[in-house]
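Here the structure comes first, spelled out in structure tokens, and everything after it is commentary.
The values are calculated or read from the model by the stated rules, or taken from the named source; none is laboratory data. These numbers come from a predicted model, not from an experiment. Note: ideal-geometry Cβ built from the backbone for every residue, glycine included; neighbour counts use all protein chains shown.
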Amino acid sequence: MMSSSQDRRLQDLTQWLHQVITPNTGLEVRPLSGDASFRRYFRAQRGEQTWVVMDAPTDKEDCRPFCAIARAWRTCGVQVPEILAQDLDQGFLLLSDFGDDLLLSLLDQDNADTIYRQAIDHLLLIQDCPSPADHPLPPYDRALLAREMELFRDWLVGQKLGLQLSDSEHQVLDQAFEALIQNALAQPQVTVHRDYHSRNLLLADNQIAVLDFQDAVNGPYTYDLVSLLRDCYIRWPLEQVRSWALYYHRLAGERGISQEPEQQFLRWFDLMGVQRHLKASGIFARLSIRDGKHGYLNDIPRTVGYIDQVLAGYPEFASLHQWLQERVLPAIEQQIGTGQDS
């Protein structure tokens, strides 16, 4: 049910659309699926022609990074929406429509290899794209990496699971977070989408199309790859993930992004995933507690399961792994469940 403020915004949005889409006779506006932010999306349709409309309340969202990155990435050959009209004072954007074929709804065992290789090829286009002149990408620096991982300690462990941590448990987390930060900062730094996964990628005319890129940064080159291959919303067998990761490694080497040996690359990839999944599981808990978006709780067992699986192969993280198994995973199973494939 829409709040009165949302209803007023929809009226303002509809009025704006009637000004920027002409002729507007027969124009219809209907909501699209929800977003994990304060943005809302609608589809405007007139006859057979459709557009996507972004509603980003200006007190909570800023459309300018989206606009700057979209224009810059399109010049690099990245398939992102074209901005057809904008009202930054109200937070309204009219965008080209790629349709509804999100990868999450399309992927199966038969087509996964083809689609993931396409997505990796497209990722390399993003990584080659320089920072927009009118929106220099912020660095994925120590402060941001640490702040993200604190979401796990605060929102999932503390607020959702209700675990009270001892000083020694806090120390285990502090030491692990520092090691993960060092792992990220040691990597080649490239343009990072920051949410490159099956819910933000589509197939449009059999080509990868990219959404939700407004939070892009300059950061570790394995970050988007692990977002894609160890997706919080869909899971693939270990050997398949390794094969796709090494496909990227070969292409990145050919492009001069990194000449690191395979073993070093896979370590960076694994531990980058731990950092991301700590962050993501905290965000899922926050979306439930703060925003009432409880469906994301179903993704926590899979997401934390990735962390458990990876840490089992790294003895230097034995304390964190043991703590997860003894304290966090049982609490998740008791309060949230086991997930569908974790």
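Answer yes or no as to whether Trp51 is assigned to a helix (DSSP H, G or I) and either among the hydrophobic types (A, V, I, L, M, F, W, C) or within 23 Å of Arg199 (Cβ to Cβ) (or both).
Here the answer is no, as Trp51 does not meet what is asked.
May I ask you to say which residue of Asp141, Asp205, Asp154 is under 30 Å from Leu106 (Cα atoms) and of a type in the set (D, E, K, R)?
It is Asp205.
Determine which single condition Leu251 fails, assuming it passes every other condition in (1) under 18 Å from Ala119 (Cα atoms); (2) in a loop (DSSP other than H, G, I, E, B).
For Leu251, the exception is condition (2).
Could you list, in sequence order, the residues of the range 156-187 that are of a type in the set (D, E, K, R), under 13 Å from Leu320 (Cα atoms) and either in contact with a His (Cβ under 6 Å, 6 or more places away or on another chain) or in contact (Cβ under 8 Å) with a residue 12 or more places away in the chain (or both)?
To start, the set of residues in the range 156-187 that are of a type in the set (D, E, K, R) comprises 160, 167, 169, 174, 178.
From the residues that got through so far, the ones that are under 13 Å from Leu320 (Cα atoms) too are 169, 174, 178.
Once the filter is applied, which keeps residues that are of a type in the set (D, E, K, R), under 13 Å from Leu320 (Cα atoms) and either in contact with a His (Cβ under 6 Å, 6 or more places away or on another chain) or in contact (Cβ under 8 Å) with a residue 12 or more places away in the chain (or both), the range 156-187 yields only Glu169.
Output the number of residues of the range 77-111 satisfying the condition of being in contact with a Phe, Trp or Tyr (Cβ under 7 Å, 6 or more places away or on another chain) and either free of Cβ contacts under 8 Å to residues at least 12 places away in the same chain or part of a helix (DSSP H, G or I) (or both).
1
From Ile283, Ile257, Ile289, grab the single residue that is touching a Pro at 6+ places or on another chain (Cβ under 9 Å) and not charged (D, E, K, R).
Answer to the check: Ile257.
Look at Val157 and say whether it is hydrophobic (A, V, I, L, M, F, W, C) and in contact with a Pro (Cβ under 9 Å, 6 or more places away or on another chain).
When the stated conditions are applied, Val157 does not pass them.
Which of the following residues is without any contact (Cβ under 8 Å) to a residue 60 or more places away in the chain and aliphatic (A, V, I, L, M): Leu144, Leu125?
Unique residue meeting the criteria: Leu125.
Within the range 125-146, can you find the residues that are in a loop (DSSP other than H, G, I, E, B), under 15 Å from Asp224 (Cα atoms) and of a type in the set (Asp, Glu)?
none
On the basis of being touching a strand residue (DSSP E or B) at 6+ places or on another chain (Cβ under 6 Å) and in a helix (DSSP H, G or I), does Ala209 make the cut? I'd like the intermediate steps shown before the answer.
On the way: touching a strand residue (DSSP E or B) at 6+ places or on another chain (Cβ under 6 Å): yes; in a helix (DSSP H, G or I): no.
Taking the combined requirement at face value, the residue does not satisfy it.
Could you look through the range 25-42, keep only residues that are over 20 Å from the mean Cα position of the chain (by Cα) and not in a strand (DSSP E or B), and pick out the one that is modelled with the highest pLDDT?
Restricting attention to the range 25-42, the residues satisfying the condition of being over 20 Å from the mean Cα position of the chain (by Cα) are 25-31, 42.
Imposing the further condition that a residue be not in a strand (DSSP E or B) reduces the set to 25-27.
On the way: Thr25: 86, Gly26: 89, Leu27: 93.
My answer is Leu27.
Within the group Arg74, Arg117, Arg30, which residue is among the basic types (Lys, Arg) and either closer than 27 Å to Pro237 by Cα or in contact (Cβ under 8 Å) with a residue 24 or more places away in the chain (or both)? Please lay out each step first, then the result.
Values: Arg74 fails: either closer than 27 Å to Pro237 by Cα or in contact (Cβ under 8 Å) with a residue 24 or more places away in the chain (or both); Arg30 fails: either closer than 27 Å to Pro237 by Cα or in contact (Cβ under 8 Å) with a residue 24 or more places away in the chain (or both).
Arg117 is the lone residue from the list that is among the basic types (Lys, Arg) and either closer than 27 Å to Pro237 by Cα or in contact (Cβ under 8 Å) with a residue 24 or more places away in the chain (or both).
Checking Gly91 against (1) surrounded by fewer than 14 Cβ atoms within 10 Å (Cβ to Cβ); (2) in the same structural domain as Ala44 (by TED's automatic domain parsing), which test does it fail?
(1)
Are any residues in the range 43-60 within 20 Å of the chain's Cα centre (by Cα) and surrounded by fewer than 19 Cβ atoms within 10 Å (Cβ to Cβ), and if so, which ones?
Lys60
Which ranges mark the helices (runs of 4 or more DSSP H) fully within the range 270-342 that have 3 or more residues being closer than 28 Å to Leu185 by Cα?
300-311, 318-323
Could you please let me know if Pro136 is in the same structural domain as Pro188 (by TED's automatic domain parsing) and under 30 Å from Val20 (Cα atoms)?
Spelling it out, Pro136 is indeed in the same structural domain as Pro188 (by TED's automatic domain parsing) and under 30 Å from Val20 (Cα atoms).
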